[in-house]
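Remarks on the structure that follows.
The values are calculated or read from the model by the stated rules, or taken from the named source; none is laboratory data. Nothing here was measured: the structure is a model prediction, and the numbers come from that model. Cβ sites come from the backbone with ideal geometry, for glycine too, and all protein chains shown count toward neighbours. Please note that ligands, DNA and RNA were not included when accessible areas were found on the heavy atoms of the full protein model with its side chains. Shrake-Rupley method; radii C 1.70, N 1.55, O 1.52, S 1.80 Å.
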Amino acid sequence: MTGSLLLRPRVEVDSLPDSPIDPGFEPSGRSGEGLSLRQVLAFAALLLFICTIAAELSGGLWHTVAHNGDNETYIEMAAAIEKGNLRLALPTRFPWGLPSAVAVVSNALSINNLEALFVVSVFSSLIATALAYTLWGPWVALYFNVLDYTWLQFSAYGSSDSLFVALIFASLLAARKRRYALACLVGALATIV
């Protein structure tokens, strides 16, 4: 057995493919090269639209968003941020990143916190899809949306997951472009979501 380990060929460092962190790295042999970012985003938006229609038909979109996962707590936290009294949402075990984004969007668009949570989740999902397209190509971005129904639910019905993934992908893209300070900052922001 020891002899067979010694007979294996050595892998030379020069023979390894370029690192994905290399700013010039382009995955070779990607099928689906003809798919544009616009087409991938349109497909992702169509999937989100189908989820919202399904929620509307099964009891109402806003009811689904309000009672999905931890959204009730996030909405309370966003309301506490808007009122300037964080004690209204204490004690909480959740980070304040998503509620802060919800409060900002709610004030900027003059909509309620429930609608702002929906907007943040949907747009974060589309941003994550665009970043997946940029990082890994069209098929990864498509599979990213199609294969995991839980991802679609979190994206369409509100959750911190889509904002977290968008920030993580943005951090990876910044690192690939060798903008390490920005990558660290965006990665740190992801930890509070």
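Rounded to whole numbers, the Karplus 3J(HN,Hα) couplings from phi for the stretch 114-119 are 5, 5, 5, 4, 4, 4 Hz, using 6.51 cos²θ - 1.76 cosθ + 1.60 with θ = phi - 60°, and x at Gly and Pro.
If R0 is 41 Å, the Cβ-Cβ spacing of Asp148 and Leu86 corresponds to a FRET efficiency of close to 0.75.
Excluding Ser155 itself, calculate the net charge of residues whose Cβ lies under 13 Å from the Cβ of Ser155, where each Lys or Arg counts +1 and each Asp or Glu counts -1.
On the way: positive: none; negative: Asp148, Asp161.
Cβ neighbours under 13 Å give a net charge of -2.
Stretching the chain fully between Arg93 and Asn107 yields a gain of 2.6 nm (0.36 nm per residue, less the alpha carbon separation).
Every pair of different Cα atoms in the stretch 88-168 enters the Kirkwood calculation, which places the hydrodynamic radius at 13.3 Å. Of the listed residues Leu46, Leu173, Leu41, the order by accessible area with a 1.4 Å probe, largest first, is Leu46, Leu41, Leu173.
Expressed as a whole percentage, what fraction of the accessible surface of the stretch 73-116 belongs to carbon and sulfur atoms when a 1.4 Å probe is rolled over the protein heavy atoms?
Numbers: 1380 of 2510 Å².
For the stretch 73-116, the apolar C and S fraction of the accessible surface comes to 55 percent.
Phi-derived couplings, Karplus 6.51 cos²θ - 1.76 cosθ + 1.60 at θ = phi - 60°, listed residue by residue for the stretch 95-103: x, 9, x, 5, x, 5, 5, 5, 5 Hz, with x used for Gly and Pro. Normalised by residue count, the stretch 72-120 yields a Cα convex hull volume of 60 Å³ per residue. Tell me, what is the per residue accessible area of the stretch 97-148 in Å², probe radius 1.4 Å? Each residue of the stretch 97-148 exposes 41 Å² on average to a 1.4 Å probe.
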